[in-house]
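**Q** Take this structure, written in structure tokens, and hold onto it; I'll ask about it next.
The values are calculated or read from the model by the stated rules, or taken from the named source; none is laboratory data. Nothing here was measured: the structure is a model prediction, and the numbers come from that model. In this analysis, Cβ positions are derived from the backbone assuming ideal geometry, glycine residues included, and neighbour counts consider all displayed protein chains.
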Amino acid sequence: MRVTSNGSHTAVLVLALLLSTAGGCSQSGDKAVLEGISSVDLVGGGTSVGPDGQNDALISLRLGPGGTITTLTVHNVDGQNSAWHTIPGNALWVVGVADKEKPKELLNKPDGSVEIKTDKPKEILLYFADNGAVRDGKTRFSVTIAYADGTKREIAVERK
């Protein structure tokens, strides 16, 4: 980025503002951590919500304010091809979503979809059936969050 000859920092400020509010960029305070395999079984390797007899993989997600979440997707960045989400009506496995305050109560509707208000900072838990990518430890993940107003955030998932 080049600053104009009169020393104006306007262009730098505008770029910084655009980057901080653009869809797909993490907001201050957003954090996703792969906790590993949990001691809970709330979802299975399928498109509907419900246990399958296997403990779920778990990502803890801390979000700043953002509006109403309409979809969440966990997907691989590298490693084993993987994707789980809250979009009903397709073949991808479902992500179970719970408030950290009530970790065993899913916020998903019966079809797997969600509508979660985040008008203030919120901590949620993402449960998903491991397809082997979590256990092998070689796959990095990202979480994409879509909001009712059309904006999206993508947060890289850290390993614990």
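**Q** Go through region 35-66 and give me each residue that's in contact with a Ser or Thr (Cβ under 9 Å, 6 or more places away or on another chain), buried (at least 16 other Cβ atoms within 10 Å of the Cβ) and farther than 23 Å from THR139 by Cβ.
**A** GLY66
**Q** I would also like to ask the following. Determine, yes or no, whether GLU154 is surrounded by 15 or more Cβ atoms within 10 Å (Cβ to Cβ), among the acidic types (Asp, Glu) and either in contact with a Leu (Cβ under 9 Å, 6 or more places away or on another chain) or at pLDDT 95 or above (or both).
**A** yes
**Q** Within region 70-86, can you find the residues that are within 10 Å of the chain's Cα centre (by Cα) and over 17 Å from ALA129 (Cβ atoms)?
**A** Passing the criteria: only THR71.
**Q** When you scan region 110-122, do you find a residue that is outside any loop (DSSP other than H, G, I, E, B) and under 23 Å from ASP52 (Cα atoms), even just one?
**A** Scanning region 110-122 turns up no residue that is outside any loop (DSSP other than H, G, I, E, B) and under 23 Å from ASP52 (Cα atoms).
**Q** Step by step: first the residues of region 100-142, then only those that are closer than 16 Å to VAL43 by Cβ, among the acidic types (Asp, Glu) and modelled with pLDDT of 95 or more, then the one that is nearest to the chain's Cα centre (by Cα). Which residue is that?
**A** ASP130
**Q** Which one is surrounded by the fewest Cβ atoms within 10 Å (Cβ to Cβ) among residues in region 82-109 that are among the aliphatic types (A, V, I, L, M) and outside any loop (DSSP other than H, G, I, E, B)?
**A** ALA83
**Q** A further question on this structure: What single numbered condition from (1) among the aliphatic types (A, V, I, L, M); (2) under 19 Å from LYS109 (Cα atoms); (3) surrounded by fewer than 16 Cβ atoms within 10 Å (Cβ to Cβ); (4) at pLDDT 95 or above fails to hold for VAL77?
**A** (2)
**Q** Which residue, of THR139, THR68, THR144, is more than 17 Å from ALA32 (Cα to Cα) and of a type in the set (Ser, Thr, Tyr)?
**A** Of THR139, THR68, THR144, the one residue that is more than 17 Å from ALA32 (Cα to Cα) and of a type in the set (Ser, Thr, Tyr) is THR68.
**Q** Can you spot a residue in region 123-145 that is out of contact with any Lys or Arg (no Cβ under 8 Å at 6 or more places or on another chain), within 15 Å of ASP30 (Cα to Cα) and part of a loop (DSSP other than H, G, I, E, B)?
**A** no
**Q** Please find, among GLY45, GLY36, GLY79, the residue that is assigned to a strand (DSSP E or B), farther than 27 Å from THR151 by Cβ, touching a residue at least 40 places away in the same chain (Cβ under 8 Å) and not acidic (Asp, Glu).
**A** Result of the check over GLY45, GLY36, GLY79: GLY36.
**Q** Does LYS138 satisfy being within 17 Å of LEU58 (Cα to Cα), free of Cβ contacts under 8 Å to residues at least 24 places away in the same chain and surrounded by fewer than 21 Cβ atoms within 10 Å (Cβ to Cβ)?
**A** The answer is no for LYS138.
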